[in-house]
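J.: Handing you this structure, nothing more for now.
The values are calculated or read from the model by the stated rules, or taken from the named source; none is laboratory data. Because the structure is predicted, anything quoted here is derived from the model rather than measured. Glycine gets a Cβ as well: all are built from the backbone with ideal geometry, and neighbour counts include every protein chain shown. Only protein heavy atoms, including side chains, enter the accessible area calculation; ligands, DNA and RNA are left aside. Shrake-Rupley method; radii C 1.70, N 1.55, O 1.52, S 1.80 Å.
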Amino acid sequence: MPEAMGAVGLDRGSLECHRKSIIIWLLFLIPLIGYSTVILKYAANVPFQDDYDAILYFLSHFIEARTLQEKLALLFSQHNEHRIVFDRIVSLCCYYLFGEVNFKYLIVFGNLGWVLSVLILVAYAHKSFGLALSSLLPIPYILLSFGHWENMFFAMAAIQNYWFMFFAIVFLIGLSKNKILLCCAVFPATIFTSGGGVIFYLIGNAYFLMARKWKSSILFFVLSSVCMAIYFYGYHKPPYHPSVTEAILNPLRTIEYFLVYWGNIILWPQKQLYIIVGLILCVSSIYLAIKRYGDVFLQLLICFITLIALMAALTRSGFGIWQAAASRYALFPLLALVSVYIFVITSSRFSISVQRVILVGAAVVAMSFWWANIFIVEYNHYFMKMKDERVASIVEFDKGQQGSLLYPEQERARQILSTARQMHIYEY
């Protein structure tokens, strides 16, 4: 009889554990499903801003190019300060697979890069630190919020920025594990997806030298130097971009830009709040990385985010402080916030009870913030209005409204769109 009662108690314990596991999995999947649903619901097959140049203009010229040299020159040609080779390859694949370019498909593919970035971070934290799924719950709720909405529905930016983050995370994981072949394979993808990839030239070469991995150091130096030579061959600074010298001569503005960039985790009503939050997040991130709370990957990730923020401040602060608060830049401080969270809950300096309090508090705040985002967006129809505006831009253009296209230079946009339609590259 006692044995039977013990067996029943064991079954009840197993059932309760199973129920908890199901609840955790459901909570984990909610932001993934919610984020994906929003993308599929509001993405529109309409070009927006740089889509005209980076995708439609490129495709029309690439198709007409007759020689391999011409095609390669177009593929590697400069777009602003970047060489967006990955964007262009994806656009070509979309065109040749479907017979025309569809911006909704490109938007979905671009966001896939961010979803994969979130999943690989969760998988890494689970494997490296042995963290349970419940401990990792805040991560998808933080990263799959809508603070970076400018990237979400902008085909060119979604592919560039989200997949750059994916390649960056993979590169840093490979670097932290001394996987030289993985680093060599991913480095070209980083630099030819976004200009921020040049940061990995410094990080990668410095890391292998400091680790005294001489063979790896030589191999990576040769490969990365070749990529850098290709990147900067014929490179010219966009004429409307401010100079680094100007940023150095205006140190207060540059520092403010740097801190606003770090504080860009949500939309704050005042610049001072960006600066305060940015200062706290920046100092805590660097402090935890220097103190080695965590592992090499997280330290490298903080180093990368710091250098990206510094590069942005030196090259873009001339555009004004508020540009650092653009939602497309929110990816970097959000990743830093996640890194700080992992640093803290894996630190041996905190007792288990303190870690549990931090875990529960972070999970409640992250989930509440995510649900608040959903409510605000749906209640105010922000994304629906954005979609309607983009669809209307094409509809009104077809009705003869020549100034309706969502691009700064209307005449250029009209020519690009007309050519794309004549060549059957794009049709709404």
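J.: TYR95 is checked against (1) crowded, with 20+ Cβ neighbours inside 10 Å; (2) in contact (Cβ under 8 Å) with a residue 60 or more places away in the chain; (3) over 21 Å from the mean Cα position of the chain (by Cα) and fails just one. What number does that condition carry?
T.: Answer for TYR95: the failing condition is (1).
J.: Go through ILE416, ILE394, ILE321, ILE374 for me and flag whichever is touching a Gly at 6+ places or on another chain (Cβ under 8 Å), in contact (Cβ under 8 Å) with a residue 24 or more places away in the chain and of a type outside the set (Asp, Glu).
T.: ILE374
J.: Report those helices (runs of 4 or more DSSP H) wholly inside segment 318-428 carrying at least 1 residues which are open to solvent by 80 Å² or more (accessible area, probe 1.4 Å).
T.: Result: 352-380, 382-398, 410-422.
J.: Here is a further query. State whether one or more residues within segment 112-119 are modelled with pLDDT under 95 and either buried (at least 23 other Cβ atoms within 10 Å of the Cβ) or in contact with a helix residue (DSSP H, G or I) (Cβ under 6 Å, 6 or more places away or on another chain) (or both).
T.: No, because not a single residue in segment 112-119 is modelled with pLDDT under 95 and either buried (at least 23 other Cβ atoms within 10 Å of the Cβ) or in contact with a helix residue (DSSP H, G or I) (Cβ under 6 Å, 6 or more places away or on another chain) (or both).
J.: Let me ask something else. Out of the residues in segment 32-59 that are open to solvent by 20 Å² or more (accessible area, probe 1.4 Å) and of a type outside the set (A, V, I, L, M, F, W, C), which is nearest to the chain's Cα centre (by Cα)?
T.: Only one residue tops the list, namely SER36.
J.: Name the residue that is most open to solvent (accessible area, probe 1.4 Å), counting only residues in segment 262-312 that are assigned to a loop (DSSP other than H, G, I, E, B) and aromatic (Phe, Trp, Tyr). Talk me through it step by step, then tell me what you get.
T.: Here is the first cut: in segment 262-312, the residues assigned to a loop (DSSP other than H, G, I, E, B) are 263-270, 291-295.
If we keep only those that are aromatic (Phe, Trp, Tyr) too, we end up with 268, 293.
Working: TRP268: 60, TYR293: 28 Å².
The residue in question is TRP268.
J.: One residue is enough: does segment 285-302 have a residue meeting the conditions more than 24 Å from ALA366 (Cα to Cα), among the acidic types (Asp, Glu) and in contact (Cβ under 8 Å) with a residue 60 or more places away in the chain? It would help to see each step written out before you state the result.
T.: Restricting attention to segment 285-302, the residues satisfying the condition of being more than 24 Å from ALA366 (Cα to Cα) are 290-292, 296, 300.
Within this subset, residues satisfying the condition of being among the acidic types (Asp, Glu) are none.
No.
J.: Let me ask something else about it. So MET165 clears everything in (1) open to solvent by 10 Å² or more (accessible area, probe 1.4 Å); (2) closer than 26 Å to ILE266 by Cα except one condition, right? Which one?
T.: (1)
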